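Right, one structure below, let's go through it.
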Amino acid sequence: MSEDGGGVRLSKRVAELKACSRAEAERYIEGGWVSVNGEVVELPQHRVAETDTVAIAPDARALPLLPATVLWHKPAGVRCDIDQAPKTEWLGSAQRSPDDRSGQRLLLKHWAGLRCVAPLDTVASGLVVFSQSQPVQRHLVADAITVEHELWVDVNGPVGPEALAALQRQVRASVNRQNEAGTRLRVAAKGLRKGQLAAWCEAAGIRPDGVHRARLGRLALGTLAVGQWRLMMGYERF
């Protein structure tokens, strides 16, 4: 039965089955622990009929959901701006990293207020962060000047010492070659804004073939493959 049909609210039925308060029943439902006729339903207002089978997972816990923070390996060519909500095709179940050790499902309630707090230029790839956590949002947006970005810049041909020095002056941070050929540079700078690295490279006479963000603060992209995502663990910090 749909939300608009007759019957009773799912939260009322769960409260009766668990002999718990309506608030606890809503936490069971929003936590993804309740199914109706074999399908998980996460909306407490969903209407159920007497003939519907409502089941609660044996290991269900009526705990408040903690705010979610999602780490995503953005492919090059995908536009993602500050404050933008993630698209479902970006954070679908098929794109979830097999290395995600959080044990937490990405639920409907997690999507509310989930927004991009660490965007990248459209042409760039690498670590992008979506969060509904106010402390994370504050740290990566309001206090962004304190957060270091590690980026790899690929160029077509070696970068000479003059261009490297010019980029160093622009960045006013760590710039070094990542390979002997000098075709990959590592740039580590705090408070990097979208589009800023491209402007620095242009001023230094460097034309990047590709830009990749490998780390943000203390969190590295790690084993996340292009297009994959994972939930940030409770002990991790930027």
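The values are calculated or read from the model by the stated rules, or taken from the named source; none is laboratory data. In this text, all values refer to a predicted model and were calculated from it rather than measured experimentally. Every residue, glycine as well, gets a Cβ built from its backbone with ideal geometry; the counts of neighbours run over all protein chains shown.
Take residue 73 and decide whether it is at pLDDT below 95 and surrounded by 14 or more Cβ atoms within 10 Å (Cβ to Cβ). Give the derivation first.
Numbers: at pLDDT below 95: no; surrounded by 14 or more Cβ atoms within 10 Å (Cβ to Cβ): yes.
In short, no.
Please go through region 201-222 and give me each residue that is small (Gly, Ala, Ser), more than 18 Å from residue 139 (Cα to Cα) and modelled with pLDDT of 95 or more, ordered by number. Quick ask: steps written out before the conclusion?
Step one: of region 201-222, the residues small (Gly, Ala, Ser) are 203-205, 210, 214, 217, 220, 222.
Subset that is more than 18 Å from residue 139 (Cα to Cα): 203-205, 210, 214, 222.
The one that is small (Gly, Ala, Ser), more than 18 Å from residue 139 (Cα to Cα) and modelled with pLDDT of 95 or more: 214.
Looking at region 15-51, which of the residues that are of a type in the set (S, T, N, Q) and assigned to a loop (DSSP other than H, G, I, E, B) is surrounded by the fewest Cβ atoms within 10 Å (Cβ to Cβ)?
Step one: of region 15-51, the residues of a type in the set (S, T, N, Q) are 21, 35, 37, 45, 51.
Next, only the ones that are assigned to a loop (DSSP other than H, G, I, E, B) stay: 21, 37, 45, 51.
Numbers: 21: 12, 37: 12, 45: 10, 51: 8.
For region 15-51, the residue satisfying everything is 51.
Considering each residue of region 5-14, count those that are more than 35 Å from the chain's Cα centre (by Cα) and either surrounded by fewer than 14 Cβ atoms within 10 Å (Cβ to Cβ) or not hydrophobic (A, V, I, L, M, F, W, C) (or both), and give that number. Please lay out each step first, then the result.
Start the filter on region 5-14 by keeping residues that are more than 35 Å from the chain's Cα centre (by Cα), which leaves 5-8.
Adding the requirement that they be either surrounded by fewer than 14 Cβ atoms within 10 Å (Cβ to Cβ) or not hydrophobic (A, V, I, L, M, F, W, C) (or both) leaves 5-7.
The total comes to 3.
From the list 171, 136, 155, pick out the single residue that is in contact with a strand residue (DSSP E or B) (Cβ under 8 Å, 6 or more places away or on another chain) and modelled with pLDDT under 85. Steps first, please.
On the way: 136 fails: modelled with pLDDT under 85; 155 fails: modelled with pLDDT under 85.
Every option except 171 fails the conditions.
Any idea how many residues of region 143-162 are more than 27 Å from the chain's Cα centre (by Cα) and surrounded by fewer than 18 Cβ atoms within 10 Å (Cβ to Cβ)? Please lay out each step first, then the result.
So the first thing to find is which residues in region 143-162 are more than 27 Å from the chain's Cα centre (by Cα), and the list is 155-162.
Going one step further and asking which of them are surrounded by fewer than 18 Cβ atoms within 10 Å (Cβ to Cβ), we end up with 156-158, 160-162.
Going through region 143-162 one residue at a time, the tally reaches 6.
Looking at region 52-64, is at least one residue among the polar types (S, T, N, Q), exposed (fewer than 12 other Cβ atoms within 10 Å of the Cβ), at pLDDT 95 or above and over 30 Å from residue 195 (Cα atoms)?
Here is the first cut: in region 52-64, the ones among the polar types (S, T, N, Q) are 53.
Pick out the ones that are also exposed (fewer than 12 other Cβ atoms within 10 Å of the Cβ) and you get 53.
Next, only the ones that are at pLDDT 95 or above stay: 53.
Still in the list and also over 30 Å from residue 195 (Cα atoms): 53.
Checked region 52-64: at least one residue is among the polar types (S, T, N, Q), exposed (fewer than 12 other Cβ atoms within 10 Å of the Cβ), at pLDDT 95 or above and over 30 Å from residue 195 (Cα atoms).
List the strands (runs of 3 or more DSSP E) inside region 117-221, counting only whole elements, that have at least 2 residues being among the small types (Gly, Ala, Ser) and closer than 30 Å to residue 66 by Cβ. Please lay out each step first, then the result.
Details: elements: 125-131, 148-155, 174-177, 184-190, 208-216.
Counting at least 2 such residues, we get 125-131.
Is it the case that residue 109 is charged (D, E, K, R) and loosely packed, with under 13 Cβ neighbours inside 10 Å? Write out each step before concluding.
Working: charged (D, E, K, R): yes; loosely packed, with under 13 Cβ neighbours inside 10 Å: no.
For residue 109, the condition - charged (D, E, K, R) and loosely packed, with under 13 Cβ neighbours inside 10 Å - is not met.
Among the residues of region 73-101, how many are out of contact with any Gly (no Cβ under 8 Å at 6 or more places or on another chain), part of a loop (DSSP other than H, G, I, E, B) and of a type in the set (Gly, Ala, Ser)?
Selection size over region 73-101: 4.
So which residues in region 195-238 are surrounded by fewer than 18 Cβ atoms within 10 Å (Cβ to Cβ) and more than 23 Å from residue 178 (Cα to Cα), if there are any at all?
Selection gives 227, 233, 234, 235, 236, 237.
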